[in-house]
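To keep things clear, I will list the structure first and then write my remarks on it.
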Amino acid sequence: MAVETLTSVPALGTIYAKAALSSLPGVPGPRPAGDLPERTLRLTGHRIDRHDLLEYERTCGFTNSDVLPHTYPHVVGFPLQMLIMTAGDFPLSAMGMVHVENVITVHREIRFDEELDITVAAQNLRAHPKGRVVDLVTEVDVAGERVWEGRSTYLARGSGDAEADRGEQPPSIPTGPAAAKWSLPGDLGRTYGLVSGDVNPIHMSALTAKAMGFPKAIAHGMWTYARTLAAIGPVTNGPGTSHVWFKKPVLLPGKVDFVIDKDDRDGSVVAGLRSSRRPATEHLVLTLS
């Protein structure tokens with residue numbers, strides 16, 4: 001597999017603009033059916049800007065710390081994911097894909113002042129009942145030591161296979177009263193976009209979201225993931241694995257309930273977000289071990 005080395009994080013705004021232009025009528029799109037490109041992107045010697053980290057922590061509800069939250073390396077690796085998914089040889093249209101699942105494993109604490117080597121590749125293109133899904137796998141090393149890895153699963157809607165394997169299914173969202181109730185402002189997508197660099201139009205405003213088929217702007221899935229981890233508490237600071245399933249988007253502005261159930265026997269956690277209205281819509285289910 002060819003490895004392409006980068007020396008800086010590519011700008012997501014430019015990548016999204018390219019993807020939007022390629023989706024216009026009359027512009028040749030990606031090949032309709034094909035194999036994943038044999039390409040790995042590698043960003044070497046990357047250093048985290050401490051100011052950017054603190055702004056991210058504040059926006060997502062984490063306590064300010066020099067230790068990276070579980071979800072922060074995804075923010076650094078996501079532009080590399082988008083570079084792969086918007087290339088001409090990628091068999092799916094990036095602008096039509098939906099982030100449906102994510103798994104993150106943290107092997108040890110990572111400080112902001114450590115140099116990160118980040119590797120991203122697309123893997124396991126497969127059939128799904130609602131279209132096709134693909135995994136973007138991100139790995140982070142420090143001085144040759146694997147310290148973090150994540151798998152982001154994206155769905156390209158289309159003609160699916162009703163018999164296709166749906167993969168691991170989420171547990172039931174915890175029931176009972178909410179542990180917290182959050183009112184999410186209409187500009188949350190823009191606020192998170194500024195600190196993460198993810199300026200996908202579906203998050204920026206109602207106008208740009210409607211152009212992409214949504215009734216309103218929607219919250220970033222990775223913000224809901226991070227905010228849920230922050231609400232679980234200090235246990236998310238150290239090594240561990242979190243697995244999240246994104247079920248329904250959170251429309252902005254909106255109100256959501258945070259619910260949680262802890263297993264005192266093994267310390268595992270199941271948490272979720274649901275709408276405050278009745279009947280409640282389930283937005284997210286997360287397990288932490």
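About its Cα centre, what dipole magnitude does region 81-131 give when the only charges are +1 on Lys and Arg Cβ and -1 on Asp and Glu Cβ, stated in debye to the nearest 20? Before the final figure, lay out each step's value.
Working: 4 positive and 7 negative charges, 82 e Å.
Rounded to the nearest 20 debye, it is 400 debye.
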Contact order normalised by residue count of region 1-143, Cα under 8 Å, 6+ apart, percent: 31
Kirkwood Rh and Cα Rg combined as Rg over Rh, evaluated for the chain: 0.94
Lys, Arg +1 and Asp, Glu -1 on Cβ, resulting dipole of region 125-273 about Cα centre, debye, nearest 20: 780
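What full-extension length gain, to one decimal in nm, is calculated for ARG190 and THR241 as 0.36 nm per residue of separation minus the Cα-Cα distance?
Values: separation 51, 0.36 × 51 = 18.36 nm, distance 2.85 nm.
Residue separation times 0.36 nm, minus the Cα-Cα distance, leaves 15.5 nm.
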Residue of HIS128, HIS51, HIS203 that the Gaussian network model of the chain assigns the largest fluctuation, springs spanning Cα pairs under 10 Å: HIS51
Inter-probe distance in nm under a simple model that places probes 7 Å from Cα toward Cβ, at THR5 and ARG146: 2.2
Spatial separation of Cα centroids for region 109-178 and region 210-268, in angstrom: 15
Selection from THR7, ALA17, THR40 lying farthest towards where the dipole of the chain points positive, charges on Cβ: ALA17
Stretchable slack from LEU54 to ARG166, in nm (0.36 nm times residue separation minus alpha-carbon distance): 36.6 nm
Within the chain, helix-based [θ] at 222 nm, where runs of 4 or more DSSP H residues each add -39,500 (n - 2.57), nearest 500: -6500 deg cm²/dmol
Global form of region 117-230, assessed from the alpha-carbon gyration tensor, a/c cut-off 1.5: rounded
Lysine pair number, Cα distance threshold 19 Å (strictly under), the chain, separation 8 or more or different chains: 11
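Report the net charge of residues surrounding SER152, where surrounding means a beta-carbon distance below 13 angstrom and charges are Lys +1, Arg +1, Asp -1, Glu -1.
Working: positive: ARG151; negative: GLU101, ASP135, GLU139, GLU149, ASP198.
Residues near SER152 contribute -4 overall.
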Leading residue at positive end of dipole, the chain (Cβ point charges), from MET97, PRO177, THR224: PRO177
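None of the figures in this text is laboratory data; all of them are computed from the coordinates on show. All values derive from a computational prediction rather than experimental measurement. Ideal geometry is used to build each Cβ from the backbone, glycine not excepted, and the neighbour counts take in all protein chains shown.
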